[in-house]
Amino acid sequence: MDWFFGAEIRDVACLFLQGYQKIIKGHYRGSSATSASTSTASTSTSPPRPALETSYILISLAVLRLENQSTDLVISSNYPIRDEVGIHAIHADLETVRGYIEGNGEAREAERLVLEVVSSLEVLDWELFDEGDEEMGSERSES
């Protein structure tokens with residue numbers, strides 16, 4: 001589930017998005033995620049697989065479209081959901097999710113942090129966004 005709203009801040013189009021992500025710890029490439037126990041077919045030299053740990057994070061994101069620079073700037077913050085109420089809320093409807101965030105100071109702070117960064121953002125060096133086309137063109141013509 002994700003939800004968003006658009007705004008314009010300092011003449012820059014900005015999308016605010018929120019959603020969640022399921023995190024699975026203990027699963028590595030080449031390993032099987034089927035269970036924490038070893039199968040009866042495995043050899044006695046195979047170490048037991050650790051149990052998989054599942055958790056969720058609430059993600060708050062802002063995407064600012066810098067049209068003149070032909071790029072997007074992404075600002076994000078995440079909040080780990082540690083309680084069953086939060087896990088239930090993110091799987092429910094939008095009203096339930098908003099109620100969970102409003103009632104949880106830390107989740108609300110993670111959301112507020114993104115909004116604060118966007119509202120106070122100031123680009124001091126716009127050349128950071130230059131593609132360097134002029135330099136690339138002169139290097140190509142010299143070769």
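Whole-Hz ³J(HN,Hα) for each residue in the range 110-116, computed from phi via Karplus 6.51 cos²θ - 1.76 cosθ + 1.60 with θ = phi - 60°, x for glycine and proline: what do you get?
Coupling constants for the range 110-116: 4, 5, 4, 4, 5, 4, 5 Hz.
Please compute the net charge surrounding Gly99, taking Lys and Arg as +1 and Asp and Glu as -1 over other residues with Cβ under 12 Å from its Cβ.
Details: positive: Arg98, Arg108; negative: Asp93, Glu95, Glu102.
Taking every Cβ under 12 Å from that of Gly99, the sum is -1.
Above 15 angstrom, tally the Cα pairs of the range 78-131 and express them as a % of all pairs, no decimals. Don't skip to the answer; put the middle values down first.
Numbers: 834 of 1431 pairs.
Of the Cα pairs, 58 percent sit more than 15 Å apart.
What does the charge dipole of the range 75-131 about its Cα centre add up to, to the nearest 20 debye, if the Cβ of each Lys and Arg holds +1 and the Cβ of each Asp and Glu holds -1?
Values: 4 positive and 14 negative charges, 83 e Å.
With Lys and Arg at +1 and Asp and Glu at -1, about 400 debye.
Quick note: the coordinates plus some simple rules give every number you see, no bench work behind them. Just so it is clear, the model here is predicted, and its values are computed rather than measured. Reconstructed Cβ throughout: ideal geometry from the backbone, glycine too, with neighbour counts over all protein chains shown.
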